[in-house]
Ligand SMILES: [Zn+2]
Ligand SMILES: [Zn+2]
């Protein structure tokens, strides 16, 4: 499904999937470009990571002497849990992607190119299509914070009862106090109450 956006000074093909047919671009001289936008794309990131918002963004494919250079921007949001208080949080992220891809088939001769030459590089498929979903998925996974917080000064949970400390610290019944200290403790609580 494609639609053409008329916003901005030039129209950009807005797509609802991430596999792009690039045979025509491969037939053009180095420096030729294609621009696309995509939006509302759900991604499955596995059990450990979930998106709060489907993926949107833009991508530019530039013909190089030997393949395609991919540059793009991705906006989405991660559904996470605060690492201190365990509250669900939504973390918006913006990512830049930058990657080179090579054809699998020589566009001029129609002959397959040796995939062992650069085994790590992204390849177009045999129909000269490029699926950028794996690139985006990897960039999102790399952007996942190790210890996300609902806010930088989240006080976390009480180590005794597990209640949130968001509304301030609270008291627990402690071990029975020496009666001589009890009076002192009452005095301290009063003093705290007075100072606010
Ligand atoms: Zn928190
Ligand atoms: Zn507590």
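The values are calculated or read from the model by the stated rules, or taken from the named source; none is laboratory data. Given the structure is predicted, the values throughout are model-derived calculations rather than measurements. All Cβ positions, glycine included, derive from the backbone under ideal geometry; neighbour counts span all protein chains shown.
Details
- In the stretch 68-90, the residues that are without any contact (Cβ under 8 Å) to a residue 24 or more places away in the chain form Cβ pairs under 8 Å with partners that are part of a strand (DSSP E or B) and crowded, with 19+ Cβ neighbours inside 10 Å, at six or more places apart or across chains, as follows: 75/55; 75/57; 88/80.
- Any hit, the stretch 159-179, residues being in contact with a helix residue (DSSP H, G or I) (Cβ under 8 Å, 6 or more places away or on another chain) and at pLDDT below 90: yes
- Among the residues of the stretch 111-141, just one is touching a helix residue (DSSP H, G or I) at 6+ places or on another chain (Cβ under 8 Å) and closer than 26 Å to residue 47 by Cα, namely 122.
- Considering residues of the stretch 122-155 that are more than 17 Å from the chain's Cα centre (by Cα) and free of Cβ contacts under 8 Å to residues at least 40 places away in the same chain only, the residue surrounded by the fewest Cβ atoms within 10 Å (Cβ to Cβ): 152
- Applying a threshold of 8 Å to beta carbon distances and a minimum spacing of six or more residues, or different chains, the list of pairs starting in the stretch 160-173 at a residue that is not assigned by TED's automatic domain parsing to the domain that holds residue 86 and ending at one that is more than 6 Å from ligand 2 (Cβ to nearest atom) and outside any loop (DSSP other than H, G, I, E, B) reads 163/157; 164/157; 165/157.
- Any hit, the stretch 86-108, residues being surrounded by fewer than 11 Cβ atoms within 10 Å (Cβ to Cβ), within 16 Å of ligand 1 (Cβ to nearest atom) and at pLDDT 95 or above: yes
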